[in-house]
1. Going by Cα centres, region 84-112 and region 5-48 are how many Å apart?
2. Taking the chain as the region of interest, what is the percent of Cα-Cα pairs per 5 angstrom bin, listed from the shortest bin to the one with the maximum distance?
3. Using the 2.2 N^0.38 Å rule of thumb for compact globular proteins, work out how region 31-77 stacks up: its C-alpha Rg over that value, please.
4. Between 0 and 90 degrees, rounded to the nearest ten: what's the tilt of helix 94-113 against the longest Cα principal axis of the chain?
5. Roughly what angle does helix 81-91 make with the longest principal axis of the chain, taking Cα atoms, 0 to 90 degrees, to the nearest 10?
6. Could you give me D for region 56-107, from Stokes-Einstein at 20 °C and 1.002 mPa s, where the hydrodynamic radius is the Kirkwood radius over C-alpha pairs? Units µm² s⁻¹, please.
7. In whole percent, how big is the carbon plus sulfur part of the accessible area of the chain, probe 1.4 Å, protein atoms only?
8. Can you list residues whose amide H is under 5 Å from Asp17's amide H, if they're 5+ apart or on another chain and H is modeled 1.01 Å from N?
Amino acid sequence: MNIIDLHDPQRINRSPDEVEVLISAGGFAEQGFLINTVELRLYLEKIDERLGHYSLITSFVDTDKGSVEMIYDEGFRGADSLKRTVQFLKSNLGISGLILRSIITLRDKIEKQK
């Protein structure tokens with residue numbers, strides 16, 4: 001099961017402009033889900049002459065029961081928006097919250113299919 005949790009999935013209907021891998025070794029479980037990969041993905045959508053790039057940053061979590069990609073942040077965030085977001089997540093225990101949010105989404109979709 002692959003879930004794209006965005007109002008307009010066409011916004012990410014291409015390869016991301018940048019990817020930062022937060023977890024890739026896999027092998028740890030959370031609430032019955034085996035976590036394989038956790039990434040943040042940057043999609044540059046438009047450029048404003050004054051504000052710069054409009055960034056869409058999504059989280060991608062791949063588990064043994066499916067994957068979820070959802071919006072993490074968006075807006076005119078300036079240069080290096082993805083790297084700053086990764087630093088924020090790492091320094092504020094945000095990765096665990098990101099994983100839990102994805103698991104809740106996956107669990108909800110799995111139960112609705114039953």
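1. That distance is 11 Å.
2. 2, 11, 22, 22, 19, 12, 6, 3, 1, 0
3. Values: Rg = 14.2 Å, N = 47, 2.2 N^0.38 = 9.5 Å.
Working it through for region 31-77, the quotient is 1.49.
4. Between the helix axis and the principal axis of the chain, the angle is about 60 degrees.
5. Long axis of 81-91 versus the principal axis of the chain: about 50 degrees.
6. Numbers: Rh = 11.8 Å.
Translational diffusion coefficient: 181 µm²/s.
7. Details: 3280 of 6790 Å².
Ligands and nucleic acids excluded, carbon and sulfur give 48 percent.
8. Leu42, Tyr43, Leu44
The values are calculated or read from the model by the stated rules, or taken from the named source; none is laboratory data. Keep in mind it's a predicted model, so treat the numbers as computed, not measured. For neighbour counting, all protein chains shown are included, and Cβ atoms are generated from backbone atoms with ideal geometry for every residue, glycine included. The accessibility values were calculated without ligands, DNA or RNA, using every heavy atom of the protein model including side chains. Shrake-Rupley method; radii C 1.70, N 1.55, O 1.52, S 1.80 Å.
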